[in-house]
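Visitor: Below is one structure. I have some questions about it.
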Amino acid sequence: MSINILIIIIVIIVGVSLKAFNDRVFLDRMMYVPYLCNNDKQYYRAFTHIFIHGDMGHLIFNMISLYFLGNNLLTQIGGSYYAVGDPTNVFYLNDGLISFYGNIAGQLHFLTLFVLGGLFATILPYLRNKDNNQYRSLGASGAVSAVVFAAILWNPTMELNLMFIPIGIPAYIFGPLYLAYEFYAHKRGNSGIAHDAHIGGAIFGVLYVLIINIDKGKEIIQLVF
């Protein structure tokens with residue numbers, strides 16, 4: 001039985017979040033507080049906040065998004081599947097199955113994307129709030145956003161279904177619409193949501209895919225234009 005890093009990440013986040021729901025001291029210690037990172041050198045908070053959530057709804061929404069988009073991405077970069085045509089830069093397995101990096105390398109890419117995406121997502125909030133001792137944030141949304149946009153760039157023609165929209169939206173259309181909303185909500189402010197972290201995570205997800213496979217960038221340009 002092969003290790004599935006996605007399931008491990010979800011189990012850890014759910015376990016830590018459930019503990020934080022019932023332990024306020026633990027929750028406060030794990031939160032992302034740019035002021036404390038800047039003044040008390042508590043840099044660990046840029047990482048630990050990924051594993052806690054504000055409430056059950058926040059946790060469930062993030063984990064569902066992470067599972068479905070993360071599983072799609074992980075299957076294609078590290079798993080095995082059938083592909084149309086003759087793709088390059090892949091490992092050919094039995095019976096026409098292919099894998100881009102193989103299971104181990106694929107799992108490591110996914111872990112790197114998730115962790116660094118979560119860290120990258122803290123940069124904009126840090127720059128804006130390093131002197132604000134009232135700012136607090138928590139949740140895996142930035143890291144999840146990195147995974148979502150990596151999946152979108154990797155497979156731009158897949159259809160995404162939103163909760164209140166009964167029809168599928170092509171990923172290459174959904175991505176720009178989502179970012180436009182995040183920019184609007186960020187400029188409007190007072191939402192209680194770290195939209196800048198979502199944007200930062202999305203940017204990292206796109207950059208990571210371009211770094212490991214520049215052909216994906218070329219493919220989406222050809223698709224759009």
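The values are calculated or read from the model by the stated rules, or taken from the named source; none is laboratory data. Only a predicted model underlies this, so the values are computations on that prediction, with no experimental measurement involved. All Cβ positions, glycine included, derive from the backbone under ideal geometry; neighbour counts span all protein chains shown.
Visitor: Return the only residue of Ile13, Ile64 being under 24 Å from Phe120 (Cβ atoms), aliphatic (A, V, I, L, M) and free of Cβ contacts under 8 Å to residues at least 12 places away in the same chain. Before you say what the answer is, go through the steps one by one.
Guide: Working: Ile13 fails: free of Cβ contacts under 8 Å to residues at least 12 places away in the same chain.
Within the list Ile13, Ile64, the selection yields Ile64.
Visitor: Does Phe174 count as buried (at least 24 other Cβ atoms within 10 Å of the Cβ), aromatic (Phe, Trp, Tyr) and assigned to a helix (DSSP H, G or I)?
Guide: On the way: buried (at least 24 other Cβ atoms within 10 Å of the Cβ): no; aromatic (Phe, Trp, Tyr): yes; assigned to a helix (DSSP H, G or I): yes.
It is false that Phe174 is buried (at least 24 other Cβ atoms within 10 Å of the Cβ), aromatic (Phe, Trp, Tyr) and assigned to a helix (DSSP H, G or I).
Visitor: Shifting gears a bit: Which ones in region 106-144 are under 21 Å from Phe21 (Cα atoms), over 11 Å from the mean Cα position of the chain (by Cα) and not in a loop (DSSP other than H, G, I, E, B)?
Guide: Selection gives Ser137 alone.
Visitor: Can you name the residue in region 54-89 that is more than 24 Å from the chain's Cα centre (by Cα) and aliphatic (A, V, I, L, M) and, of all such residues, is modelled with the lowest pLDDT?
Guide: Per the stated criteria, the residue is Val84.
Visitor: Here is a list: Gly205, Gly217. Which entry is out of contact with any Cys (no Cβ under 7 Å at 6 or more places or on another chain) and under 17 Å from Gly70 (Cβ atoms)?
Guide: Answer to the selection: Gly205.
Visitor: Residue by residue through region 179-198, note down the ones that are touching a residue at least 12 places away in the same chain (Cβ under 8 Å) and part of a helix (DSSP H, G or I).
Guide: Leu179, Glu182, Phe183, His186, His195, Asp196, Ala197, His198, listed by residue number.
Visitor: Got a sec? Which of Ile77, Ile52 is in contact (Cβ under 8 Å) with a residue 24 or more places away in the chain, under 28 Å from Leu127 (Cβ atoms), crowded, with 16+ Cβ neighbours inside 10 Å and β-branched (Val, Ile, Thr)?
Guide: Details: Ile77 fails: under 28 Å from Leu127 (Cβ atoms).
After applying the criteria, what remains is Ile52.
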